[in-house]
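Peer 1: Here it is: the structure, laid out below.
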Amino acid sequence: MPPAGMPEGDIKALTTLCDLVDRELVVIIGWAKHIPGFSSLSLGDQMNLLQSAWMEILILGIVYRSLPYDDKLVYAEDYIMDEEHSRLAGLLELYRAILQLVRRYKKLKVEKEEFVTLKALALANSDSMYIEDPEAVQKLQDLLHEALQDHELSQHHEEPRRMGKLLLTLPLLRQTATKAVQHFYSVKLQGKVPMHKLFLEMLEAKV
């Protein structure tokens, strides 16, 4: 029987989410290798950036999938949670935080190309203290900023402040990712929800 502090519904929902996160992490690692300039970094810095930003990238994926919906979060095509479902699963605070991001991006009518670049910027804009070659990481950041700038100039030249508005969503994204990491780390400490090795390693690296 589950302990009083974690009802059975919580365990079932969190087990499903942990499985989804682990699968998504494998996808994120593969995706990062295709970012121009990322593979040129040392393996150590590639791992430092991934360990620092994986939750931000994961949340941006959830946000993008959730854009067509009203007040629902699409963790996967077959796993969608509304407010009530989130409350029952003990995820209400996280639901509200991610939904705030969804509403920001909806208001901006963010396009797929912009989301992809923001994900790459979240990865490059690491807060890791262990970067081996800051200049190489800065070069990657500059490349990605230029890519976003070029896109905005060609597709949204009538909105000169659009790029600034997009970049201003990144601090909120980082705050939300921090909340998510803290939540899943507390789940880990309770030891009642099975977590895969990759997810555990990435979680440990963030705490």
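Rule-based calculations on the coordinates, nothing more; no lab input. Not measured: the values here are computed from a predicted model. Glycine gets a Cβ as well: all are built from the backbone with ideal geometry, and neighbour counts include every protein chain shown.
Peer 1: Compute the signed sum of charges (Lys and Arg +1, Asp and Glu -1) over the other residues within less than 14 Å, Cβ to Cβ, of L200.
Peer 2: -1
Peer 1: Another question, then. What number of lysine-lysine pairs in the range 8-202 show an alpha-carbon separation below 12 angstrom, given a sequence spacing of 8 or more or placement on distinct chains?
Peer 2: Pairs that pass both the separation and distance tests number 4.
Peer 1: For the range 96-199, what percent of Cα pairs sit more than 16 Å apart?
Peer 2: It works out to 66 percent of all Cα pairs.
Peer 1: Sticking with this structure for a sec: How much FRET efficiency would the formula 1/(1 + (r/R0)^6) give for Q190 and R87, where r is the Cβ-Cβ distance and R0 is 22 Å, rounded to 0.05?
Peer 2: 0.70
Peer 1: May I pose another question? Which whole-number percentage describes the relative contact order of the range 116-178, with Cα contacts under 8 Å and a sequence gap of 6 or more?
Peer 2: 36 percent
Peer 1: Rank by packing, highest mean first: peptides 157-163, 136-142, 190-196, 54-60, with packing defined as the count of other Cβ atoms within 10 Å averaged across residues.
Peer 2: 54-60, 136-142, 190-196, 157-163
Peer 1: Another one. In whole Å, how far is the Cα centre of the range 30-106 from that of the range 147-177?
Peer 2: The distance from the Cα centre of the range 30-106 to that of the range 147-177 comes to 17 Å.
Peer 1: Over the alpha carbons of the range 8-202, what is the largest minus smallest coordinate on each principal axis, giving the biggest first in Å?
Peer 2: Taking max minus min along each principal axis of the Cα atoms, the range 8-202 gives 50, 39, 24 Å.
Peer 1: Mean residue ellipticity at 222 nm from the helices of the chain, using -39,500 (n - 2.57) per DSSP H segment of n ≥ 4 over the full residue count, to the nearest 500 deg cm²/dmol?
Peer 2: -23000 deg cm²/dmol
Peer 1: Now a separate question. Starting from the Cα of D19, step 7 Å along the direction of its Cβ; do the same at D70; then give the gap between the two resulting points in nm.
Peer 2: For D19 paired with D70, the spin-label model returns 3.1 nm.
Peer 1: Turning to a different aspect of this structure: In nm, what is the difference between 0.36 nm times the number of residues separating H183 and E113 and their Cα-Cα distance?
Peer 2: 22.2 nm
Peer 1: Below 11 angstrom from the Cβ of D133, what's the summed charge of the other residues (Lys, Arg +1; Asp, Glu -1)?
Peer 2: On the way: positive: K139; negative: D45, E132, E135.
Residues near D133 contribute -2 overall.
Peer 1: A follow-up question, please. Treat the count of other C-beta atoms within 10 Å as a stand-in for reagent exposure and order R96, R65 from fewest to most.
Peer 2: Least to most surrounded, the residues fall as R96, R65.
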